[in-house]
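For reference, the structure is listed below as structure tokens.
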Amino acid sequence: MAALSPYNKIAETQWLQKTKQLVEAHPLKTAELVEVVLHSWNGIFESKLGPKGFQIGKHIFPKPQIMGFLLHELISLEFAARYPKLWIGEQSSSDKDLVYIPDVKYSIEIKTSSARKNIYGNRSYAQESESVGKKAKSGYYLQVNFGKFSNATPRPEIQLIKFGWIDHTDWIGQAASTGQQAHLAPVTANNKLLTIHSVK
């Protein structure tokens, strides 16, 4: 049975205040979350690949999915390196992307997207899994939105970082039977995720 949502019996008009409390209670502070995201993003462009030293943004221009994957992995690795006794990356299918060893309720799911301000999940995010060993869909989420490569933007920026708590019931699956995507309603995205960094 899923744990009770921290927003249970709280009016929608009070969601933002509750989100602020949840973020304040988290062991990672927002300033460090922003620092690590930006550090990890810069690290992608500073890294050299192969004996010729090829670089992303100079010789290689990956699709958004690849950039998202690299950023996702580097964020987890950076926190695990900084606090090896407190944080660890996903080790099994039941783990969040970033696991808080002392208390898993503070573990974080990381969502990256090249969309301007939205994040998306698989359709399964709209369904709470009851299978043993499956990852819980409710909990803390770190949202990171980044720009795409173009002729005018050879080195895109991190455009938006948000942090907060999303329940599995917040995810809305696509109505079409073939749809594989889930999204958040604007009221959820605006009140359950706090903006901690943005580029105008």
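The values are calculated or read from the model by the stated rules, or taken from the named source; none is laboratory data. The model shown is predicted, which means the values in this text are computed figures rather than measured ones. Cβ sites come from the backbone with ideal geometry, for glycine too, and all protein chains shown count toward neighbours.
Data table
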{"item": "Hey, Lys58 free of Cβ contacts under 8 Å to residues at least 12 places away in the same chain, assigned to a loop (DSSP other than H, G, I, E, B) and within 25 Å of Ser150 (Cβ to Cβ) or not", "result": "no"}
{"item": "Qualifying residue in segment 130-139 (condition: buried (at least 16 other Cβ atoms within 10 Å of the Cβ), at positive phi and either touching a Ser or Thr at 6+ places or on another chain (Cβ under 8 Å) or modelled with pLDDT under 95 (or both))", "result": "yes"}
{"item": "Residue count for segment 140-194, restricted to those that are part of a strand (DSSP E or B), at pLDDT below 95 and not β-branched (Val, Ile, Thr)", "result": "6"}
{"item": "Enumeration of residues in segment 19-30 that are touching a residue at least 40 places away in the same chain (Cβ under 8 Å) and not hydroxyl-bearing (Ser, Thr, Tyr)", "result": "Lys20, Leu22, Val23, His26, Pro27, Leu28"}
{"item": "Subset of segment 63-102 [touching a residue at least 12 places away in the same chain (Cβ under 8 Å) and assigned to a loop (DSSP other than H, G, I, E, B)]", "result": "Lys85, Leu86, Glu90, Ser92, Ser93, Ser94, Asp95, Lys96, Asp97, Ile101, Pro102"}
{"item": "Phe45 being in contact with a strand residue (DSSP E or B) (Cβ under 9 Å, 6 or more places away or on another chain), in contact (Cβ under 8 Å) with a residue 60 or more places away in the chain and farther than 28 Å from Asp103 by Cβ", "result": "yes"}
